[in-house]
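Contents: one structure, followed by commentary.
Just so it is clear, none of the values below were taken in a lab; they were calculated from the coordinates. Keep in mind that this is a model prediction, so the values were computed, not measured. We place every Cβ from the backbone using ideal geometry, glycine too, and count neighbours over all the protein chains shown.
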Amino acid sequence: MNQPPISLSQASCQDDYDPNSMSVEAARTLIHRFLKPVEGYEQVSIRQGLNRILAKEIISPLDVPAHVNSAMDGYAVRHADLDAKTPASLHVIGSSFAGHPYSAAVSAGECVRIMTGGVMPKGTDTVVIQEKVRLEGSHITVGTAPKKGDNVREKGEDLRQGQVVLASGHMIRPADLGLLASLGINEIRVFRRLRVAFFSTGDELRSIGTPLEEGQIYDSNRYTLYGMLKRLDVDILDMGVVEDAPKALEEALIEASTCADVILTSGGVSVGEADFIRDLLQKLGEVVFWKIAMKPGRPLAYGKIGPAHFFGLPGNPVSVMVTFYQFVQQAIKVLMGQTNLAAPPTFRLPCLSPLKKAPGRTEFQRGILVQDDQGNWAVQATGAQGSGILRSMSDANCFIILPEAQGHVAAGDMVEIQLLEGIV
Ligand code: AMP
Ligand code: MG
């Protein structure tokens, strides 16, 4: 993925380039060679920065914690006093609570009542937790001595002043909002929002709200695309349904390329329809069509129309989602400015359902994670796996990824799964 950018015509001359049977990995790698982050930045308040990509690294303006402080409720002591004589009796001369430090120095034989977050008074170096002392009047008795420095948080132990806290290209998550706030930072520089336009093609498609006539279906792809894009926090331009006619498609593509960074279409790339859109795209820009060795989602087009990146997704509702998650999502993240993008992790689990699978293509079947009585996880298929059966995506919480060489899966065999949901 770190090779230099090349043109689409160069790409089609590569050794491993086979437009009629491209492997998932080769197609991904090739697409990534055309991607570079958008140029354009914004200064936003940290809350508005949630889910945005940092365009300038964050340097810590201070040490965190700013003071040496206590990690526990107890007594701040001089460790030398405990070394000399145990059990030791110490005089409690004051208190240091979070936000209310004890400002005088502590001498031999003395200690200070301290609460979590309280600043360690001058002269003290160790905290004895309250459960380990006996308090009588203004004296405590410490039975067994803790190690020097126990229960003390050092100044700068979390972050040092001048240290890079968050790198440019990092996506801001809830923990980062707290981290930035803890440093007193209220504004950050982020990449501008990516603009993504999409439309559906197909004369059979109707928008919801209109009655269906024979042979017509509701357009669902614009809704799944909307949902998937919304999660990425991009600006969305829904261009509706465009009829399967060269003039209408040409106008829609030109309009999209003038206002969007990414254009997504669904439908019109399968055998029979592909030539039609291919000619058009060749006229307007540069495009490669692939038959990817995968199921679902075999036909996929990628190219450039002016500065815009074009992804021609298949029309089948499940194929749209699978190709989006397997190709478009990561590409959009790169364009948004995100760096250090690792592929979403996969895990190996026993599969409870037998699966039909032909060698020669990667399959992304839809799965549901289940737990047995002992709490061990396994996966089962959602049921019928046809690429038009959108319910399989709705029921699923993971993909079952079956690699190219794999044949049928017997119940109990180990399979690779990829989670659809994350925590944060
Ligand atoms: P296509 O790739 O255009 O040949 O479409 C493949 C299948 O997906 C056909 O059954 C289409 O009717 C269906 N399809 C295409 N676009 C949509 C859409 N936007 N919503 C729902 N189904 C679609
Ligand atoms: Mg169609």
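Before moving on, here are some points about what is shown:
- Helix-only CD estimate at 222 nm, as mean residue ellipticity for the chain, using -39500 (n - 2.57) per DSSP H run (n ≥ 4): -5000 deg cm²/dmol
- Between the amide H of E363 and those of K295, L402, distances stay under 5 Å, these residues lying 5 or more places away or on another chain, with hydrogens modeled in the peptide plane.
- A cut-off under 13 angstrom between Cβ atoms defines the neighbours of R160, and their net charge, with Lys, Arg +1 and Asp, Glu -1, is -3.
- Highest average first, the peptides 167-177, 311-321 ordered by how many other beta carbon atoms sit within 10 Å of their residues are 311-321, 167-177.
- Protection proxy ranking of 210-217, 188-195 - average other beta-carbon atoms within 10 Å, highest first: 188-195, 210-217
- Partners for K148 among lysines (Cα-Cα distance below 21 Å; same-chain residues under 8 apart left out): K85, K122, K132
- Diffusion constant of segment 56-200 at 37 °C, which comes from Stokes-Einstein with the Kirkwood Cα-pair radius and 0.692 mPa s, µm²/s: 187 µm²/s
- Equivalent ellipsoid of segment 69-153: semi-axes from √(5λ) of the C-alpha gyration tensor, largest first, are 17, 13, 12 Å.
- Translational diffusion of segment 204-275, µm² s⁻¹ [Kirkwood Rh, Cα pairs; Stokes-Einstein; 37 °C; 0.692 mPa s]: 238 µm²/s
- Proximal lysines to K291, defined as alpha-carbon separation beneath 30 angstrom and excluding residues fewer than eight positions away on the same chain: K36, K230, K247, K283, K304, K333, K356, K357
- Between helix 274-284 and the chain: long-axis angle, C-alpha atoms, 0 to 90°, nearest 10: 70 degrees
- Cα coordinate range in the chain, projected on the principal axes (Å, largest first): 91, 52, 50
- Cα-only Debye scattering, segment 191-314: base-10 log of I(q)/I(0) at q = 0.10, 0.14, 0.21, 0.22 Å⁻¹: -0.30, -0.59, -1.30, -1.39
- Electrostatic tally near R189: other residues with Cβ closer than 12 Å to its Cβ, Lys and Arg +1, Asp and Glu -1, net 0.
- The residue list F324, I254, G202 was ranked by how far each Cα lies along the charge dipole of segment 182-329 toward its positive end, using unit charges on Cβ atoms, and F324 comes out on top.
- Of all beta bridges that DSSP places with both ends in the chain, some 70 percent have antiparallel geometry.
- Long-range tail of P(r) for segment 346-419 (Cα pairs > 19 Å, %): 28 percent
- The charge dipole of the chain, taken about its Cα centre with unit charges on the Cβ atoms of Lys, Arg (+1), Asp and Glu (-1) only, comes to about 1020 debye.
- Helix axis angle, 221-230 relative to the chain longest principal axis, alpha carbon, degrees: 20 degrees
- Dimensions (Å) - segment 297-424, Cα atoms, principal axes, largest first: 55, 32, 27
- Size of electric dipole in segment 136-292: Cβ of Lys, Arg +1 and of Asp, Glu -1, about Cα centre, debye, nearest 20: 1120 debye
- Using distinct alpha-carbon pairs, which all enter the 1/r mean, Kirkwood radius of segment 175-231 in Å: 15.3 Å
- Residues whose amide H lies under 5 Å from that of G202, counting only those 5 or more places away or on a different chain, are V242, D244; hydrogens are built 1.01 Å from N in the peptide plane.
- Using θ = phi - 60° in the Karplus curve 6.51 cos²θ - 1.76 cosθ + 1.60, the 3J(HN,Hα) couplings for segment 387-403 round to 6, x, 8, 5, 4, 5, 6, 5, 6, 6, 10, 7, 8, 9, 9, 10, x Hz; x is entered for Gly and Pro.
- Helix axis angle, 246-259 relative to the chain longest principal axis, alpha carbon, degrees: 20 degrees
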